[in-house]
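Here the structure is laid out as structure tokens; the discussion comes afterwards.
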Amino acid sequence: MSKSVFDNAAKAIRRCGGSTAALFVLGTLSAMTEVDAQENPLDTVVVSANRSEQRIFDTAASISVVNAQQIHDGQAEENVSEPLERVPGIFALNRQNYAQDLLISSRGFGANSSFGARGIKIIVDGIPGTVADGQGQISHIDLASADRVEVMRGPFSVLYGNSAGGVVNVSSESGKPGAEATPYFSVGSYGQLKYGLKVDGDQNNVNYLLDAGSLHTDGYRDHSSADRENYNVKLVFKIGADTSLKLVANSVNLSAQDALGLTASQLQGNARAAGTGALSYDTRKSVDQTQGGLVLTQRLGADDTLTLAPYDGERHTIQYLASGVNGVVNLQRDFYGMNSYWLHTAQVAGMPFKLVAGVDGNENQDHRLTFTNSGGEALAAATDQNYSMEARNLDFYLQGELRPSERIALTAGARQSDTTLSSESNNTLPSLGSHTYQAATGMLSAQYYAQEDTNVYISYGSGFDTPTLNQIIYSPSYVNYGGKNTGNIGIDAARTQQVEIGLKSKLSSTAQLDVALFDADTTNDIVIASSNGGKTAYMNAPKTNRRGLELSGQWQLPYQLQASIAYTALDAKVRQTYVEKITSSAPTVTTSYSVNSGNRIPGVPDQGLFAELMWRKSDNGLEFGVEGKAAGSMAANDLNKADAAGYGIMNLRAIARQTVGGWSISEFARIDNVFDRSYVGSVIVNQASSQFYESAPGRNWLAGVRAAYRF
């Protein structure tokens, strides 16, 4: 079975442009021999599946963990796309544009997001990064102090509520015994400069982490420079034997130019140029976000634990778009809530039983102002929006796990969700109204241990996805023809039924393999209805489907070599025809187009591969790695009239480590896109002026040093 999977993966990579590194790693794996076993990822402990600690091997879910070494060693620590590229089923497309967030999708969910991460639950140190309407932010994730990134896909995700096509759970490092200070510095192509200081420790029942970092880049493309500052604090207080209190606070300050997308002809002419309108409108974005929270964990006895996690934050965004009317958006967001759950473990008729019951309450209040963009200046006009908008949810969930025998594990869960969106006008424009979405969702799974080191499972889940506040701003008629904007608050929530079959196996003492097949049917999927002049309105599509294969494997090889792969094959398509309208400029013409059954869902590659081969000296003093990345083609619009070709690239990295007195020092250097391939790294889905394409850098380099001093 594994040989045919590897053969199919290799053929897929050849079809999409081929990465020499990826094929080399696949060839090496087929010839592997056993060596002494090291840490096995299947034994890694995770918490996402049932909110309690258990091995990945014992979960009937697709869960991957990117560990601290993979996040930090020889990496830029710049964008969360870096660790996520190691996870099958996840596409985190780097736009090379800090004014626009990464285009992140999980098994095809979230690919049509125009702002932030949609369709995926973001959690950082127990505090949600996804607000009540389902829109998530990732700019506050501090990779320099991250310890692990836990990623869950599939039916289990629905137990996280609205827009949970997947879950990305980021955990910051814990302080090491004593005290340690770690300055870090890196410099690279396109004027990139990153530096910061991390301090951590564990003393007198207080575990602490503090990190402050700064990033500057001139940008790969014209008009794409950016500056970002991140601050992250985590304090954990041990209050007696049964109580712990975690305090989390972080902030981000971002200022970035927006290069926009390129048309096909612009891409051919100069892939590094700014798109039409970027300079004349001086497109750009600034973000200030601060948030904090507490996680109180209280043992109530030998079998019961209660967790309470209140949080509060604010985010201020100003964005200059490539359009005149409403071309400057000034959004002030206050968000807060509390997530809480009770964990009970027991025996039922001699069978191990685990029960989780929880309540999630979240709210975000937005004050949205718009102005006319006149050559990069904000001017007041009669068309300006002044909305007070609100999203709030109150969810209750229950999840149980029963093990009738040593070979069988059963899991079931249910969640009741109530989400309300509302928008009131503070000027002469009409209010958009209010709408409440209610959904009962659930999941079932069964897991069978065929052998001690091999298990198979089947899972089913039903989920839902409401529109975000951003998606209910404009009515389709207003986007196409102007006049009175009544908004689009009545759009339905999408409903998804999904099934997954998986295999987890320790092939030997030095190898493991995970395989999952999935199929997800969605009704009332939220898609673009109309697009014109930077404004987008949304509607429901009758039926869409996402199905595919995920494969991941890790191997310990002879001669101190280690290898890993993560492969995804995804078929994401429309299953029932619908109509959307696009308004072109010069001349202004609105045309209706049929989005046909069988069309690909845009923004999602049809396949992807990450493969890595690493050598590490036995004393850890030297490390060399080769990374192969490849992706298949992806559609750029619903009509499938434009697409981005597949690609394959190779990256190289080297790390040296020394101990000098009380200092532990490491230096690294990496070269990305070694063969200087030209390719499109991301697309702007359904861009009305056909400025779909966001080009990726050619050959580029990065070098840095990190020094840790223990007091």
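The values are calculated or read from the model by the stated rules, or taken from the named source; none is laboratory data. What you are looking at is a predicted structure, and each value in this text was computed from that prediction instead of being measured. Glycine gets a Cβ as well: all are built from the backbone with ideal geometry, and neighbour counts include every protein chain shown. Just the protein is used for accessible areas: all its heavy atoms, side chains included, with ligands, DNA and RNA removed. Shrake-Rupley method; radii C 1.70, N 1.55, O 1.52, S 1.80 Å.
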Each label sits 7 Å from Cα toward the beta-carbon; between L306 and S594 the label points are separated, in nm, by 6.0 nm
Measuring from its Cα centre, the range 473-550 shows a charge dipole (+1 at each Lys and Arg Cβ, -1 at each Asp and Glu Cβ) which, in debye to the nearest 20, is 180 debye
For the range 150-220, dividing by residue count, accessible area per residue (probe 1.4 Å) in Å² works out to 30 Å²
Of the listed pairs K194/K238; K506/K617; K176/K285; K234/K354; K246/K506, those with alpha carbons more than 27 Å apart are K194/K238; K176/K285; K234/K354; K246/K506
The range 543-635 accessible area per residue, 1.4 Å probe, protein heavy atoms, integer Å², reads 37 Å²
Expressed as a whole-number percentage, the relative contact order of the chain with C-alpha contacts under 8 angstrom and at least six residues apart is 13 percent
Rounded to the nearest 10 Å², the accessible area of Y474 using a 1.4 Å probe with every protein chain kept is 20 Å²
Given the candidates S618, S594, T568, the one whose Cα lies deepest towards the positive end of the charge dipole of the range 563-631, counting +1 at each Lys or Arg C-beta and -1 at each Asp or Glu C-beta, is S594
Subtracting the Cα-Cα distance of A669 and Y190 from 0.36 nm times their residue separation yields 170.9 nm
Out of L254, V236, A181 - ranked by how far each Cα lies towards the positive end of the dipole of the range 156-265, with unit charges on the beta-carbon of charged residues - the top one is V236
Rh (Kirkwood, all Cα-Cα pairs) for the chain, Å, reads 26.1 Å
For R118, R699, the accessible-area ranking with a 1.4 Å probe, largest leading, is R699, R118
Karplus ³J(HN,Hα) for the range 261-272 (6.51 cos²θ - 1.76 cosθ + 1.60, θ = phi - 60°; Hz, whole; x = Gly/Pro) runs x, 10, 6, 4, 5, 5, 4, 5, x, 7, 5, 9
Expected vector for the range 334-343, Karplus 3J(HN,Hα) from phi with 6.51, -1.76, 1.60 and θ = phi - 60°, integer Hz, x for Gly and Pro, equals 10, 9, 6, x, 8, 10, 9, 7, 10, 10
Subtracting the Cα-Cα distance of V206 and T486 from 0.36 nm times their residue separation yields 95.4 nm
Taking GluC sites (Glu not before Pro) as exposed when in a DSSP loop with at most 11 other Cβ atoms inside 10 Å, the chain has its longest clean stretch at 54-405
Quick calc: nm separation of the 7 Å Cα→Cβ label points for T523 and N386 -> 4.3 nm
Applied in sequence order to the range 453-459, the curve 6.51 cos²θ - 1.76 cosθ + 1.60 (Karplus, θ = phi - 60°) yields integer Hz couplings, x standing for Gly and Pro, of 10, 9, 9, 10, 8, 9, 9
In whole Å, largest first, the alpha carbons of the range 325-414 cover along the principal axes 72, 23, 15
On the accessible surface of the chain, probed at 1.4 Å with all protein chains in place, carbon and sulfur together account for a percent value of 55 percent
Bounding extents of the range 157-243 in its principal axis frame from Cα atoms, largest first in Å, are 57, 40, 14
The alpha-carbon pair-distance distribution computed for the range 440-501, with 10 angstrom bins and whole-percent values, is 18, 27, 20, 16, 12, 6, 2
With +1 at each Lys and Arg Cβ and -1 at each Asp and Glu Cβ, the charge dipole magnitude of the chain around its Cα centre, to the nearest 20 debye, comes out at 1260 debye
